[in-house]
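Right, one structure below, let's go through it.
The values are calculated or read from the model by the stated rules, or taken from the named source; none is laboratory data. Computed from a predicted model, the values in this text were never measured in an experiment. Cβ placement follows ideal geometry from the backbone for every residue including glycine, while neighbour counts extend to all protein chains displayed.
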Amino acid sequence: MGKKVEWGRSVEEWIQKYPLLKKMRAYEPVFWMNPHKDTVANVLPTLPLSWKDVLDAEERWKRFAPLIRRLFPETEERKGIIESPLKEIPRMKEQLEGQIGRRIPGRLFLKCDHELPVAGSIKARGGIYEVLKHGENLAVEKGLLSYEDDYSVMASERFREFFSQYAVAVGSTGNLGLSIGIISAALGFRVTVHMSADAKEWKKNLLRQKGVTVVEYASDYSKAVEEGRRQSDQDPMSYFVDDEQSKELFLGYSVAACRLKKQLEQADVPVDEEHPLILYLPCGVGGAPGGVTFGMKLLFGEHVYCFFGEPTHSPCMLLGLMTGLHEKARVQDFGMDNMTEADGLAVGAPSGLVSKLAGKWIDGVYTVEDEELYPILAMLKDTEAMKIEPSSSAALLGWKRFVENPQVEKYIPMEKANHIAWTTGGLFVPEPLMEEFYRRGKDHLSKE
Ligand SMILES: Cc1ncc(COP(=O)(O)O)c(C=O)c1O
């Protein structure tokens, strides 16, 4: 009854209004085109963020590059810029076409955030950025740093001592916790990661090895965030990275668009009316795919299309956008259980900030079943020698869903379209576990 008052309708009434909910509640994969979509020109003036904020974030990353290079030698090759390659995957495409039964026009690429250095997932973009910005604010405020300095001074004992007075906290399904934990510990902050029940053991162990305090919850992600926020708020020296509400995280992700633009030019991929670019982005709470969408739409306007992929058991962004309930849409309240092996995507309620900042630019949302994740992971290893974690498979499944769906031709001229599946995590998965994922995928494929 309480929910009905808050939502203005009972679940049954919502189902009547949005019949797709029936399929979603039965955990059937769906493909939803966003009827609320609007143009960049119409939406931009209504938003609190603009291109200037993205550029400001990119400048901050550049200021920090000498420090990152010093702290994380694996970033040496890119001189302290944390970035992933864009790679075309023709062999994988051919295999997928074999499953579909026809040739699909256009090139298929992976944006390889599964190889992203330092934290091994897309969450590095937002998480590391926000902690760096916080560190910069503190150091500038106390007169220890000016914007013109060589930021590698922050790797010194003096700075570590300074940062050790302060704490950083975050709630996470795993990968955001890794990125916040790793960068905060490297700078010298005291850091606590509140992990939901979905978080994998190896992610918690890795953090503990780095000196991070890990608090475990038997409940889902929203609870871990709520509890983490509550505890952090009690300590005036503690800063909470809020995955559900943070503009900083969002901007950290958005910078990916500037980098991708250059990579597209290098790969000779035009993006214009004749050559649309279609992105498939795995979605949890929405920050990472939302930030990327924001940057890409600002750069390419109506020529880029962004589709979000969610597990059939956790379609929170779809629920929030479709009903207009945004962060008030909890999949559990609609009879779905939020249980999925795609741990990074196991989120029951979407970020209100993202659905408001990027909701009208999201072209659509599709859902994927857990069992579909493993065969994709195995095929990618066999065809392209790339290793991704299960959540990342949701990206490639987007391409498959998309090209199999006849209704999309009505919206997007497909003949000369190019496609990017954004593989969001994988680098740090321990080898025995990766082997287990692979076996599972192979078993599945042998039964097909
Ligand atoms: C591997 C992976 N992919 C995608 C996502 C989705 O990011 P977001 O929760 O910001 O939507 C996550 C989130 O943790 C993740 O770990």
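Got a number for residues in segment 128-186 being in contact (Cβ under 8 Å) with a residue 40 or more places away in the chain and more than 15 Å from residue 71 (Cα to Cα)?
Number of matching residues: 18.
Conditions (1) under 18 Å from the mean Cα position of the chain (by Cα); (2) modelled with pLDDT of 95 or more; (3) of a type in the set (Ser, Thr, Tyr), marked per residue:
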| residue | (1), (2), (3) |
| --- | --- |
| 331 | no, yes, no |
| 345 | yes, yes, no |
| 357 | yes, no, no |
| 372 | no, yes, no |
| 381 | no, yes, no |
| 384 | no, yes, no |
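When segment 79-96 is examined, which residues are found to be closer than 19 Å to residue 127 by Cα and not aliphatic (A, V, I, L, M)?
Step one: filter segment 79-96 for residues closer than 19 Å to residue 127 by Cα, giving 80-84.
Scanning segment 79-96 gives 80, 83, 84.
Cβ-Cβ below 9 Å, separation at least six or inter-chain, first residue in segment 84-104 and within 23 Å of residue 427 (Cβ to Cβ), second exposed (fewer than 12 other Cβ atoms within 10 Å of the Cβ): which pairs?
Note: pairs meeting the criteria are 86/266.
Run down 337, 333, 268 and say which single residue is touching a His at 6+ places or on another chain (Cβ under 8 Å), of a type in the set (D, E, K, R) and more than 16 Å from the ligand (Cβ to nearest atom).
Just one listed residue meets the conditions, 337.
Kindly establish whether residue 350 is assigned to a loop (DSSP other than H, G, I, E, B), under 13 Å from the mean Cα position of the chain (by Cα) and at pLDDT 95 or above. Give the derivation first.
Numbers: assigned to a loop (DSSP other than H, G, I, E, B): yes; under 13 Å from the mean Cα position of the chain (by Cα): yes; at pLDDT 95 or above: yes.
Judged against the criteria, residue 350 is a match.
Return yes or no: is residue 389 buried (at least 24 other Cβ atoms within 10 Å of the Cβ), more than 17 Å from residue 109 (Cβ to Cβ), modelled with pLDDT of 95 or more and not small (Gly, Ala, Ser)? Spell out the reasoning first.
Working: buried (at least 24 other Cβ atoms within 10 Å of the Cβ): yes; more than 17 Å from residue 109 (Cβ to Cβ): yes; modelled with pLDDT of 95 or more: yes; not small (Gly, Ala, Ser): yes.
Yes, satisfied.
For (1) in contact with a helix residue (DSSP H, G or I) (Cβ under 8 Å, 6 or more places away or on another chain); (2) assigned by TED's automatic domain parsing to the domain that holds residue 340; (3) surrounded by fewer than 24 Cβ atoms within 10 Å (Cβ to Cβ), each residue gets a yes or a no:
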| residue | (1), (2), (3) |
| --- | --- |
| 269 | no, yes, yes |
| 283 | yes, yes, no |
| 286 | yes, yes, no |
| 291 | yes, yes, no |
| 299 | yes, yes, yes |
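Where the second residue is buried (at least 18 other Cβ atoms within 10 Å of the Cβ) and outside any helix (DSSP H, G or I) and the first is among the aliphatic types (A, V, I, L, M) and lies in segment 45-60, which pairs have Cβ atoms under 8 Å and are six or more apart or on separate chains?
Pairs that qualify, where the first residue is among the aliphatic types (A, V, I, L, M) and the partner is buried (at least 18 other Cβ atoms within 10 Å of the Cβ) and outside any helix (DSSP H, G or I), are 54/255; 57/255.
Quick check on segment 250-262: of everything there that is more than 16 Å from the ligand (Cβ to nearest atom) and either touching a Leu at 6+ places or on another chain (Cβ under 6 Å) or free of Cβ contacts under 8 Å to residues at least 24 places away in the same chain (or both), which residue is farthest from residue 395 (Cα to Cα)? Don't jump to the end; show me each part of the working.
If we filter segment 250-262 for residues that are more than 16 Å from the ligand (Cβ to nearest atom), which is where we start, we get 258-262.
With either touching a Leu at 6+ places or on another chain (Cβ under 6 Å) or free of Cβ contacts under 8 Å to residues at least 24 places away in the same chain (or both) added as a condition, the list becomes 261-262.
Working: 261: 19, 262: 21 Å.
Checking each candidate, the answer is 262.
Suppose the filter is farther than 24 Å from residue 396 by Cβ, within 12 Å of the ligand (Cβ to nearest atom) and crowded, with 22+ Cβ neighbours inside 10 Å; does residue 240 pass it?
Taking the combined requirement at face value, the residue does not satisfy it.
Hey, among 225, 193, 241, 255, which residue is under 23 Å from residue 333 (Cα atoms) and hydrophobic (A, V, I, L, M, F, W, C)?
On the way: 193 fails: under 23 Å from residue 333 (Cα atoms); 241 fails: under 23 Å from residue 333 (Cα atoms); 255 fails: under 23 Å from residue 333 (Cα atoms).
Being under 23 Å from residue 333 (Cα atoms) and hydrophobic (A, V, I, L, M, F, W, C) holds for just one of 225, 193, 241, 255, which is 225.
Just the residues that are of a type in the set (Val, Ile, Thr) and in a helix (DSSP H, G or I), please, taken from segment 317-346. Walk me through how you get there before you give the answer.
From segment 317-346, those of a type in the set (Val, Ile, Thr) are 323, 331, 340; that's our starting set.
323, 331 - these are the residues of segment 317-346 that are of a type in the set (Val, Ile, Thr) and in a helix (DSSP H, G or I).
From the list 3, 52, which residue is basic (Lys, Arg) and farther than 16 Å from residue 320 by Cβ? So that I can check it myself, show each step before the final result.
On the way: 3 fails: farther than 16 Å from residue 320 by Cβ.
Result of the check over 3, 52: 52.
For residue 358, which of the numbered conditions (1) surrounded by fewer than 24 Cβ atoms within 10 Å (Cβ to Cβ); (2) within 15 Å of the ligand (Cβ to nearest atom); (3) over 23 Å from residue 174 (Cα atoms); (4) of a type in the set (Gly, Ala, Ser) fails to hold?
Failed condition: (1).
For residue 369, which of the numbered conditions (1) within 12 Å of the ligand (Cβ to nearest atom); (2) closer than 19 Å to residue 399 by Cβ fails to hold?
Status for residue 369: all satisfied but (1).
Just to verify a result, which residue in segment 100-119, among those that are part of a helix (DSSP H, G or I) and at pLDDT 95 or above, is farthest from the ligand (Cβ to nearest atom)? Don't jump to the end; show me each part of the working.
Let us first name the residues in segment 100-119 that are part of a helix (DSSP H, G or I), namely 100, 113-115.
Restricting the remaining residues to those that are at pLDDT 95 or above gives 113-115.
Details: 113: 8, 114: 8, 115: 12 Å.
Top of the filtered list is 115.
Please give the helices (runs of 4 or more DSSP H) falling wholly within segment 1-49 in which 1 or more residues are in the same structural domain as residue 308 (by TED's automatic domain parsing), modelled with pLDDT under 95 and exposed (fewer than 12 other Cβ atoms within 10 Å of the Cβ). Break it down stepwise before answering.
On the way: elements: 2-7, 11-17, 20-25, 40-43.
In segment 1-49, the matching helices (runs of 4 or more DSSP H) lie at 2-7, 11-17.
Need the failing condition index for residue 371 against (1) over 21 Å from residue 200 (Cα atoms); (2) surrounded by fewer than 22 Cβ atoms within 10 Å (Cβ to Cβ), just the number.
Against the list (1) over 21 Å from residue 200 (Cα atoms); (2) surrounded by fewer than 22 Cβ atoms within 10 Å (Cβ to Cβ), residue 371 comes up short only on (1).
Without any contact (Cβ under 8 Å) to a residue 12 or more places away in the chain and out of contact with any Lys or Arg (no Cβ under 6 Å at 6 or more places or on another chain): which single residue out of 265, 273 fits that description? Write out each step before concluding.
Details: 273 fails: without any contact (Cβ under 8 Å) to a residue 12 or more places away in the chain.
Result of the check over 265, 273: 265.
Look through 411, 438 and report the one residue that is hydroxyl-bearing (Ser, Thr, Tyr) and modelled with pLDDT under 95.
Numbers: 438 fails: modelled with pLDDT under 95.
Unique residue meeting the criteria: 411.
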